[in-house]
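The values are calculated or read from the model by the stated rules, or taken from the named source; none is laboratory data. Small disclaimer: the values here were computed from a predicted structure and weren't measured. FYI the Cβ positions are ideal-geometry reconstructions off the backbone, even for glycines, and counts take in every protein chain you see. Only protein heavy atoms, including side chains, enter the accessible area calculation; ligands, DNA and RNA are left aside. Shrake-Rupley method; radii C 1.70, N 1.55, O 1.52, S 1.80 Å.
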Amino acid sequence: MPKEPTHIAVAQKQRLKIKQKSAKYTPGRVTLQILGTGANGAPGSVYLFSDQSRYLFNCGEGTQRLAHEHKTKLAKLEHIFITQPKWKNIGGLPGTALTIQDVGVPQITLHGPEGLNEIFPATRRFVVIRDLKINMADCSETTTFEDNALRVEYVHLHKSVSQSGLEKDVQASVEQSEAGTSTRSEKKRSSSISSRNGESLVEDDTDYYAHERKKTKRHRSRSRSKSRSPESGRRPAPSAKSISSATQMLLKGFKSEAISMCYICRLQPRPGALNLDKCVKNGVPPGPLLGLLKNGEDVTLGNGTVVKSVDVCEPDDPGPIFLVVDCPSADYLESLASNPRMKKHQKFAQFDDDAACLVVHFTPKDVMELPLYKRWMEDFTPSTQHIQVNDSNSCMGSTAVHRIQYKLNLLSPDFFPLLGDRGTPSLCETFGNHQNKKQKSEDINFANLNLDIAPANNCKTVNENRSIGSLSSYYLRPKKGFDSTSHINLDTQEFIDETMSLPQFSDALKELHQKLQIEKSNYTIRDYPQVLFLGTGSCIPNKTRNTSGILLQISDTKNILLDCGEGTCGQITRFFGQEKANKVLTEIDAIYISHLHADHHIGLIGVLQGRRKALDLLRIEKAPLILFAPRQILAWLAFYDRFFENIKDEYVLVPNGELILNETTFADEKRIKILSNLDMSDISTCLVRHCPNAFGVSITHESGYKITYSGDTMPSEKLVELGKNSDVLIHEATMEDELAKEAVVKMHSTTSQAIQVGKDMKAKHVILTHFSQRYAKLPRFNDNFADNVSIAFDNMQVKLDELPLVPLLYPALKIMFADHYEQLEHKAVKRQLKAERQAFLEQPKLQQNQS
């Protein structure tokens, strides 16, 4: 749901003025900061920032969420460097592009292997980029990028195969793509449905945000009627068929050749700073003479004394060099180790200033442990520092999710268990000074810099001993070194203490625990099914609510995922911890996608790849998962599979449109087999009132319970019919009741509307989710919140039989988040006063029209 871009033009003009002013100067402070550590479930991303400009290296899923939490300013970001166009490096690009568009960045330049920029045409049906120009830099090895802060050279790493072998691989890939099959996939796809066998590519020119541009009531009405038709809202949009033949061939070759891009980065030279103490000692008075000395000119004082610039200025800074390296597998090691341009910055450097001060390794842990890679690292000078941004790290980067989980855990450890992610160190486990807030470059405490230098032959020991967490920083200018205090830590006791100190909270907590103990004894609680909410926010993620994702745990060996927003795979890892998360991923037998807005499906590729990685790690053979989704999703998935990474063998598509209640067109034999494999007696869908191809779904277990999920929708009679007599309805509640008009424009539901849908279908329980990000902690309550209505939080896990207990939490929740709730109430009062004032001003016009 993209924001209205009314402010973007103004922000872009302001940004341009700032850029023009700062482009004349070489920045005096430059910091390299780890935003995402590359730990399992976390993005690997490095942020280079100065007092003038910003650069991002790799952009995996979850990058924009970490940037939002840690207040990483994206307004000056104009260059993104990608090492390899793999999902782990580019999964966060669409979301990050939306964010920087909204803060007024006029254009962004991508650096990386050819074809990288095609990811944006491929996603533009559901990622609306209207006010951001996206350029692709020429990244050949004969070109360089240069601005006032940085100079970058591009180094291409190739697989170690003969040229003839490479040509055969390219040709084989082309033939395989054109045939749409392979030996392995033939076996798996022989029993697949026709939408996979008969259509290697699917055209989709649907505009999934057409309804948001309908301003008048007439247009809104038209939007509602169109939302019921899968053919509505069309506009030109890309698919692999619409891409030129030349571009297709380029992309096919690019996928087969699989270049990995490394970067040799050097800060621009900077004249030494003027030392005022030395000026005073040499008798230089305040005034224009200082400016001349700063510019490198010698001056003569009134008494005839000549003061030389070199005597009162610090030494010139030629610009430190750092390398960004990604060697994806052993196949690339020979290309890396023998690269002559890399050798120029190792111990073989002709001049001391040409030796790299830092190497950032996106290279996977298992490759870094290979003897040849170790020997390559040993060829750097003893002063060269190394940072691993890969799966050797464990910090997932967020403190906010732990903070709120510790608070909610006080209410109920059953509903809100502490997260399985143990990668972020607790404050009590760390030593020395601690700073849990992001440092600005101008606030650097150089006393904290770790300038201890380890011998190059101990690189492995250095990397093992240095814990790299999010916000770990290496200062490149004015002094070089690690900041030993900048990475994040968890102060778990503070999380608890600040909650327990709230007025009246202790009494409310004691009363809650007593009620839960009494009420729990009245129910027989089965272990399954369980519902785990992985994302309960709308549109874009914030610190406490990720985008849509719900894990339905049918049994201890079978899971179904309902919607899959960005970072869903990471949420699973964060909740369960790495070891258990692998097991959970292997047990995902089906994924349901309600509609094709990005916040509901952009994380699908990450989950498919995470499941495959877990299956391989645990050596489990398992059939592809069932993907219940709008058929049009194939346009995106087929594009990505053909031109980026192989994913087609990880799923079998069952189109939502073939499971419409009372209108099923899916073959009975295959339907029965799928239902049996999922332990279900029925899975049915209906079209709902949102964007084109938006569906609701009901799932009925063979034991009899029924769960209905709305996806995104306005109140829908078809959904009421579909979910009749459900045990639980999970319904979106994006807006509060006073914002009903805005909900109509966005084609969402208010809290009361969602509750009423539950009443109309006679659902036993209603769980509200998909809250606007204005309700980061709590939505506004109203009189319709009955005893069978629950509010979903991220990382809330509830068994079906426990649902009657959840509303008991509300009084304590209101006290826990009292400040947030008071702000909501205050905003509601201001809206009401504004509406009354507007009505008063319009009253004379109405009276005049009536007369």
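Numerical summary
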{"item": "13 Å beta-carbon shell around TYR705, net charge (K/R +1, D/E -1)", "result": "-1"}
{"item": "Spin-label proximity, ASP679 to the stretch 505-525 - amide N less than 18 Å from point 7 Å beyond Cα toward beta carbon", "result": "525"}
{"item": "Part-to-part distance (alpha-carbon centres) for the stretch 798-831 and the stretch 525-583, which is given in Å", "result": "22"}
{"item": "Separation in nanometres of the label points that stand 7 Å from Cα toward Cβ, at ASP760 and THR305", "result": "8.9"}
{"item": "The stretch 643-702 - charge dipole about Cα centre, Lys and Arg +1 at Cβ, Asp and Glu -1, debye rounded to 20", "result": "200"}
{"item": "For ASP682, distant residues with modelled amide H under 5 Å away", "result": "THR700"}
{"item": "Length released on extending from PHE781 to ASP352, taking residue separation times 0.36 nm less the Cα-Cα span", "result": "147.9 nm"}
{"item": "Residue-level accessible surface for ARG266, protein heavy atoms, 1.4 Å, Å²", "result": "60"}
{"item": "Pairwise label distance in nanometres, GLU494 with GLN843, each label 7 Å out on the Cα-Cβ vector", "result": "5.2"}
{"item": "Cα-Cα over 19 Å, subset of LYS724/LYS799; LYS347/LYS374; LYS724/LYS777", "result": "LYS724/LYS799; LYS724/LYS777"}
{"item": "³J(HN,Hα), Karplus 6.51/-1.76/1.60, whole Hz, each residue of the stretch 521-532, x for Gly, Pro", "result": "5, 8, 10, 9, 9, 7, 5, 9, x, 10, 10, 10"}
{"item": "Whole-number D in µm² s⁻¹ for the stretch 638-777, Kirkwood Cα-pair radius fed into Stokes-Einstein, 10 °C, 1.306 mPa s", "result": "97"}
{"item": "FRET efficiency for ARG831 and SER501, using Cβ-Cβ distance with R0 set to 35 Å, rounded to 0.05", "result": "0.65"}
{"item": "Amide hydrogen neighbours beyond the local backbone of GLY44, cut-off 5 Å, H modeled", "result": "GLY38, GLY60"}
{"item": "Under 5 Å, built H, 5+ apart or other chain: amide partners of LYS347", "result": "PHE380, THR381"}
{"item": "Per-q log10 I(q)/I(0), the stretch 577-716, q = 0.17, 0.18, 0.19 Å⁻¹ (Debye; single scatterer per alpha-carbon; no solvent)", "result": "-1.03, -1.14, -1.25"}
{"item": "Calculated P(r) tail over 14 Å for the stretch 702-752, as whole % of Cα pairs", "result": "52"}
{"item": "Å³ per residue enclosed by the Cα convex hull of the stretch 711-851", "result": "132"}
{"item": "Members of LYS343/LYS479; LYS133/LYS648; LYS88/LYS583 lying beyond 22 Å, as alpha-carbon distances in this model show", "result": "LYS343/LYS479; LYS133/LYS648"}
{"item": "Unit charges at the beta carbon, dipole of the stretch 307-421: most positive-side option, PHE362, LEU410, CYS395", "result": "LEU410"}
{"item": "Environment charge at ASN782 (Cβ cut-off 9 Å; Lys +1, Arg +1, Asp -1, Glu -1)", "result": "-2"}
{"item": "Euclidean distance between Cα centres, the stretch 52-116 to the stretch 337-362, Å", "result": "27"}
{"item": "Per residue, in Å², the accessible surface of the stretch 577-725 once ligands and nucleic acids are set aside, probe 1.4 Å", "result": "34"}
{"item": "Quotient of C-alpha Rg and 2.2 N^0.38 Å, computed over the stretch 240-386", "result": "1.67"}
{"item": "Inverse of mean 1/r across different Cα pairs in the stretch 304-374, Kirkwood, Å", "result": "14.8"}
{"item": "Positive-pole candidate from ILE647, THR665, HIS595, dipole of the stretch 583-669, charges at beta carbon", "result": "ILE647"}
{"item": "Solvent-accessible area per residue, Å², over the stretch 728-851 with all protein chains present [probe radius 1.4 Å]", "result": "47"}
{"item": "Backbone HN-Hα couplings from phi across the stretch 292-305 [Karplus 6.51/-1.76/1.60, Hz, Gly and Pro as x]", "result": "5, 5, 4, 7, x, 9, 7, 10, 10, 6, x, 8, x, 6"}
{"item": "Proportion of all alpha-carbon pairs of the stretch 533-643 beyond 19 Å (%)", "result": "41"}
